[in-house]
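J.: Dumping the structure here so I can ask a few things about it.
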Amino acid sequence: MAKPHHLTDTEFPTMVLESKLPVLIDFWATWCGPCRMIAPIVDELAQEYEGKALICKLDVDNNPVVASKYGIRSIPTILIFKNGEVVDQIIGAVPKHQIVDRLQSHL
């Protein structure tokens, strides 16, 4: 059963910027209520998109470098990367179908 990869600042360049697959990153923190609301959705996406996209979570408190570099000021924020570039952004807790629609458009 696939689970989201818990990404770190150190892994980011190789796992995301060099990925051949589109990468969805959920920027979150343990204290964030809306982040906990979308966590099950991110878990489901990791299973549903295994082999089609890399689904990751990045704890902004423990990995501030990437969050700062991409201007993450509000969480949850989801960034979708393709070929090392940000191609989409979703801010806030949104329904699963909105995340799926945006991710599908980049596959």
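Each reported figure results from applying straightforward, stated rules to the coordinates on display, with no laboratory input. Everything numeric here is computed off the predicted structure, so don't read it as measured data. Glycine gets a Cβ as well: all are built from the backbone with ideal geometry, and neighbour counts include every protein chain shown.
J.: Out of all Cα-Cα pairs in the chain, roughly what percent, to the nearest whole number, are more than 21 Å apart? Mind dumping the intermediate values first?
T.: Details: 1371 of 5671 pairs.
Considering the chain, 24 percent of its Cα-Cα pairs are separated by more than 21 Å.
J.: To check my understanding: the extent here is largest minus smallest coordinate of the Cα atoms along each principal axis. What are those three numbers for region 1-63, in Å, largest first?
T.: That gives 32, 26, 16 Å along the principal axes, largest extent first.
J.: How much mean residue ellipticity at 222 nm does the chain get from its helices, if each DSSP H run of length 4 or more adds -39500 (n - 2.57) and you divide by all residues, to the nearest 500 deg cm²/dmol? Can you show the working numbers first?
T.: Working: 3 runs with 31 residues, N = 107.
Dividing the helical sum by the residues of the chain leaves -8500 deg cm²/dmol.
J.: Where Lys and Arg each count +1 and Asp and Glu each count -1, what net charge lies around P95 among other residues with Cβ under 13 Å from its Cβ?
T.: Details: positive: K96, R102; negative: E44, D101.
Around P95, the surrounding residues sum to 0.
J.: Roughly how big is region 9-107's charge dipole about its Cα centre, with Cβ charges of +1 (Lys, Arg) and -1 (Asp, Glu), in debye to the nearest 20?
T.: Details: 9 positive and 13 negative charges, 45 e Å.
That gives a dipole near 220 debye.
J.: Please report the antiparallel percentage of DSSP beta bridges with both residues in the chain, rounded to the nearest 5.
T.: Numbers: 11 of 19 bridges.
Taking every DSSP beta bridge within the chain, about 60 percent pair in antiparallel fashion.
J.: Let me ask something else about it. Scan around E50 for amide H atoms under 5 Å from its own, H built in the peptide plane at 1.01 Å from N, and keep only partners 5 or more places away or cross-chain.
T.: The answer is none.
J.: Here is a follow-up. Separation of region 12-60 and region 70-102 by C-alpha centroid, Å?
T.: Answer, in whole Å: 9.
J.: Applying a 10 Å radius around every beta-carbon, put 94-101, 76-83 in order of their mean neighbour count, most first. Spell out each step's value before the answer.
T.: Numbers: 94-101: 13.5, 76-83: 20.5.
Ranked from most to least packed, the peptides come out as 76-83, 94-101.
J.: For a quick check: with amide H placed at 1.01 Å from N, whose amide H comes under 5 Å from H5's, ignoring anything fewer than 5 positions away on the same chain?
T.: I55, C56, K57
J.: Which longest run of the chain has no exposed loop site in it, a site being GluC sites (Glu not before Pro) in a DSSP loop with at most 14 other beta carbons within 10 Å, and the site itself not part of the run? Before the final figure, lay out each step's value.
T.: Values: sites that count: E18, E50.
It works out to 51-107.
J.: Where Lys and Arg each count +1 and Asp and Glu each count -1, what net charge lies around T8 among other residues with Cβ under 13 Å from its Cβ? Mind dumping the intermediate values first?
T.: Details: positive: K57; negative: D9, E11, D59, D61.
Result for the neighbourhood of T8: -3.
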